[in-house]
1. Per residue, what volume in Å³ does the convex hull of the Cα atoms of the chain enclose?
2. Starting from the Cα gyration tensor of the range 623-693, take the square roots of the eigenvalues, sort them a ≥ b ≥ c, and report rounded, prolate or oblate (rounded when a/c is under 1.5, otherwise prolate if a/b is larger than b/c, else oblate).
3. Sort 277-289, 158-170, 450-462 for me by packing, meaning the mean count of neighbouring Cβ atoms within 10 Å per residue, highest on top.
4. My understanding is that a pair violates if its Cα-Cα distance is over 24 Å; which of Lys196/Lys687; Lys277/Lys708; Lys603/Lys708 do that in this structure?
5. Using Cα centres only, tell me the gap between the range 644-686 and the range 701-718 in whole Å.
6. Applying a 10 Å radius around every beta-carbon, put 674-682, 521-529 in order of their mean neighbour count, most first.
7. Skipping prolines and chain starts, which residues have an amide H placed within reach, meaning under 5 Å, of the one on Gly113, given they are 5 or more residues away or on another chain?
8. To the nearest 20 debye, what charge dipole does the chain have about its Cα centre, counting +1 at the Cβ of each Lys and Arg and -1 at the Cβ of each Asp and Glu?
Amino acid sequence: MKRNIIISAFIIITLTFSSCASRSKDEVEIKIDDLLSEMTLEEKIGQLTLFTSSWTQTGPTMREGYLNDVKQGKCGNIFNAHTAEYTSELQRIAVEETRLGIPLLFGYDVIHGYKTIFPIPLAEACSWDLDLIEKSARLSAKEAAAAGLHWNFNPMVDISRDPRWGRVAEGSGEDTYLGSLIASAKVRGIQGDDLKDESTLLACVKHFAAYGAAQAGRDYHTVDMSERVLRETYLPPYRAAIDAGSATVMTSFNELDGVPASGSKYLMTDVLREEWKFRGFVVTDYTAINEMIPHGFAKDTADAALLAMKAGVDMDMQGGTYLLHLQDLIDQGKVQEAAIDQAVRRILKAKFDLGLFDDPYRYSDVDRENQVVLSKEMMDHSREAGRKSIVLLKNDAIDGKTLLPLNKKPKQLALIGPLAHNQMDILGTWHASGDASKSTTVLDGIKEVAPDIDVVYAEGCKTYGEDRSGFAEAISVAKRSDIVLMAVGENYRQNGEAASRTNLNLPGMQEELMEAILDLGKPVVLILMSGRPLTIENLSQKVPAILNAWHLGTKGGSAIADVLFGDYNPSGKLVMTFPRNVGQIPIYYNMKNTGRPFKAKDKYTSKYLDVANDPLYPFGYGLSYTAFEYSDLSLSQSTMRLDEDLNISVGVTNTGSRAGEEVVQLYIRDLVGNVTRPVKELKGFKKISLEPGQTQLVEFTISAEDLKFYNQDMSFKAEPGDFLLYVGGSSDADLSGKFELIN
Ligand code: GLC
């Protein structure tokens, strides 16, 4: 009897709760309806308007009087304003001085950290560690939310195969499969499990779409590609972010197939809303609506505003076109107020989801800000993420002994180069409100990790210009040293937005400085610090050791020192191909075979007269201080039906003398297709740790879903036929097997 009472009580409680939950969901919709019914058209248009504060400039225009816009209800959203104090001040104006008191949304580019900076995304992607990447996004959101922010203009998921484009620094490299997994991880990290949690932010997947395919790597340039390439290579990471729940989407600057993204109904409505069922809101990039005029797609800002509304854009970032023209467009019957209401509803829903109508100041808490920002948790993670982002490109033995890792015994070490002791450049591009005074430089890191070593620093030259006056001191320091560390590369302004470069050698006088130091005949370690792959073929032939250390953020110097002295065995693998020279670009691992694949002895094959076809370092490549051997590749069957899985296993052995991590990668090749297929496609990876001598059996499973592609009729399906598969520690893996897919 008693048991029945308990069960029925449980049922009553559950039903009550679930109806409350569904009612609270209805409650929000009802509240939005009520609010909409009270709003004037001007107040509605204000919610579709986003202006930057005067604190940071991230685009071509600034706007005077945004505080008045807020006060007059003409601007419902602000970006580039942060700190608990300043967001409270702005929020008070919106909540207490406007007619309806609708809270502001505060957005910011927290691309790889807010005040504590983590490795640039291109670097962190080289960790191939999805948990680490999600944790970085989670901690960045926690720190930014503690500073009053609600909305992160991240993840940037633009696939790119062209390192001339400076924004490769913000992305996850050239591969769609890996880029999609990283996109999902970042959305999970940014939004957490509950947007009501004040440590979570709205995510904003960007830049929709295909911005990374700008012609010639020139930022903002034209993008033109087949629908097949768009859907197979460029769209999946945006889709992955949407499927992971990204609350918002940002349009891209570029045109696609002749239509600027912010005016593309195909992208913003047909694909995003109808195909992908996206329910959040779409914001443009910075004045992207206005830019439809220079694109030659709109004749004036009124026309541009109409085109953006028709495409399905909800919010105008910095352009002021909706504010200026929507009232008239409605009066002229060109836009229906229902369309305005739908956009406003989406934005109000986001503000409700964040709990801003419960407490508009909930994110602006000075005490929490003081506890969370720059905390030990943040600093420790910056170092951990930095360690795992470093890629060891070369470590040749000299007289049977490799230069790296260095030992910590007393010796004279020369540390030379403009990146060796620079607290700003190590933060990288898009470093938000990063506090450079807290940066650990390479010099600081070495002193911290190896205090017994006498390290002498000389800048040598800048990352720009033609000044050689520092060469003499650098040469003198090098002459007095046992080993020379060269920390060279790009400064943080030489990549990122509006920073395309056609020459990817070391900028300024750094190549000359390197040559001068190399002429001394000392053992040299090259520490490359940049926001993109650089063309270092010449240097790579002259130095025995190369660490690609990107721009690693606040604790980057400690991370580099940890790897230099072996406290961490490097495990990074490239996510973007390193070309031998710019002439090879675009160059990426999953290219097509062509009808005349290269043959050394055959003139009439696809090649260059002046450089090899293969890159300097391929996608997926990275060395370790130990070594790994692959063996016993085994497939569960040699034929696989469309409704079956194929299980693959491979033995991986640590054949070296120290523990290490290896990213075991699985690639496939579809030998014959209804359309030509790439020579390799990444379909799986696992990062494993092995003690010296240890062997681990690594297993993968693939299904017909993994083998689908867009046929000539654009149907997305797998085709029976022969496949090769490859397993190894890089995209040039040659341990292979084969199977046949059958109906
Ligand atoms: C910039 C960038 C975009 C950023 C926005 C706001 O122009 O293209 O990535 O989120 O403006 O700062």
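1. 206
2. Numbers: a/c = 3.26, a/b = 2.04, b/c = 1.60.
Judged from the Cα gyration tensor, the range 623-693 comes out prolate (a/c at least 1.5, a/b above b/c).
3. Result, highest mean first: 158-170, 277-289, 450-462.
4. Numbers: Lys196/Lys687 34 Å; Lys277/Lys708 22 Å; Lys603/Lys708 35 Å.
The pairs that break the limit, which is 24 Å between Cα atoms, are Lys196/Lys687; Lys603/Lys708.
5. The range 644-686 and the range 701-718 have Cα centres spaced 18 Å from each other.
6. In descending order of packing, they fall as 521-529, 674-682.
7. Phe118
8. Working: 79 positive and 102 negative charges, 231 e Å.
That gives a dipole near 1100 debye.
No value in this document is a laboratory result; all are computed from the given coordinates. These numbers were taken from a predicted model, which means no experiment stands behind them. Heads up, the Cβs are rebuilt from the backbone with ideal geometry, glycines too, and the neighbour counts pull from every protein chain shown.
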